[in-house]
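The structure appears below as structure tokens.
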Amino acid sequence: MDLYGATAEDFAQVKVKNSRHGLQNPNARYRKESAIEDVLASPVVSDPLRQLDICATSDGAAALIVASKSFAEKHLGSLEGVPSVRAISTVTPQYPQHLPELPDIATDSTAVVAAPERVFKDQILDAAYAEAGIGPEDVSLAEVYDLSTALELDWYEHLGLCPKGEGEQLLRSGATTIGGRVPVNPSGGLACFGEAIPAQAIAQVCELTWQLKGQATGRQVEGAKVGVTANQGLFGHGSSVIVAR
């Protein structure tokens, strides 16, 4: 907020966007639209984040069937237009960044050893894009780990959807809502599902598959061809999957 001018209203707008998306998702646990005023009126949990800026914990499950190309052709016939996984990336923070993004803490090794040039969130997407042979400009939609509204804005930049420090501008432009240039969390994200580890990462791939097959009724991203996920776990271990048709 100090560096780039993000506001509490920007964070709240992420919640508003995702709650609106989730209204149309029959799999969402929380299907209630929030207004900016609702978010700003909710209790402060850790300044500047309020209760409605943070996803709830949840139980949940998700499943995928993964098959070889030959098996899929045998059972589906032509694979033209059928979504397929183009990249899978997993990254662990590089030494000395064991506790990511905790500068000036006595236990942070970066106090005495220089941090990596690219933080692990960048590395996750760098590896995925390289494997798929595409770039951020090719992405039609994204499903990201929105543990908080602020974290979703952070992912915009790591995904390469905008330059560093311009996540809020991308949000304000409407680009990340359904109907915009690159919708983010058309499923409603964890704001509407709650955090169900590790089901959330699989659920992201499910949503991309439905979107690319044109089966996301009510929340469909029209003409979607490429989708990317971004997920993060304990101590910064992260993953990304790219699905394309």
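Where a number appears in this text, it was derived from the coordinates with a stated rule and is not lab data. As the structure is a prediction and not an experimental result, all values here were calculated from the model. Backbone-built Cβ (ideal geometry, glycine too); neighbour counts: all protein chains shown.
Tell me whether segment 222-229 contains one or more residues that are under 18 Å from Ala150 (Cα atoms) and not small (Gly, Ala, Ser). Yes: segment 222-229 contains one or more residues that are under 18 Å from Ala150 (Cα atoms) and not small (Gly, Ala, Ser). When restricted to residues that are β-branched (Val, Ile, Thr), farther than 15 Å from Asn18 by Cβ and out of contact with any strand residue (DSSP E or B) (no Cβ under 7 Å at 6 or more places or on another chain), segment 121-162 contains 0. Restricted to helices (runs of 4 or more DSSP H) entirely inside segment 1-91, those with at least 2 residues that are under 30 Å from Gly133 (Cβ atoms) and hydrophobic (A, V, I, L, M, F, W, C) are 69-76.
Pairs are defined by a Cβ separation below 6 Å, a sequence spacing of at least 6 or placement on different chains, a first member in segment 1-14 that is farther than 15 Å from Leu170 by Cβ, and a second member that is in a loop (DSSP other than H, G, I, E, B); the pairs so defined are Ala8/Pro48.
Pick from segment 126-163 the residues that are part of a strand (DSSP E or B) and aliphatic (A, V, I, L, M): which of them is nearest to the chain's Cα centre (by Cα)? Among those that are part of a strand (DSSP E or B) and aliphatic (A, V, I, L, M), it is Val144.
Against the criterion of being surrounded by fewer than 24 Cβ atoms within 10 Å (Cβ to Cβ), small (Gly, Ala, Ser) and either on the phi > 0 side of the Ramachandran plot or in contact with a Ser or Thr (Cβ under 9 Å, 6 or more places away or on another chain) (or both), Gly233 qualifies.
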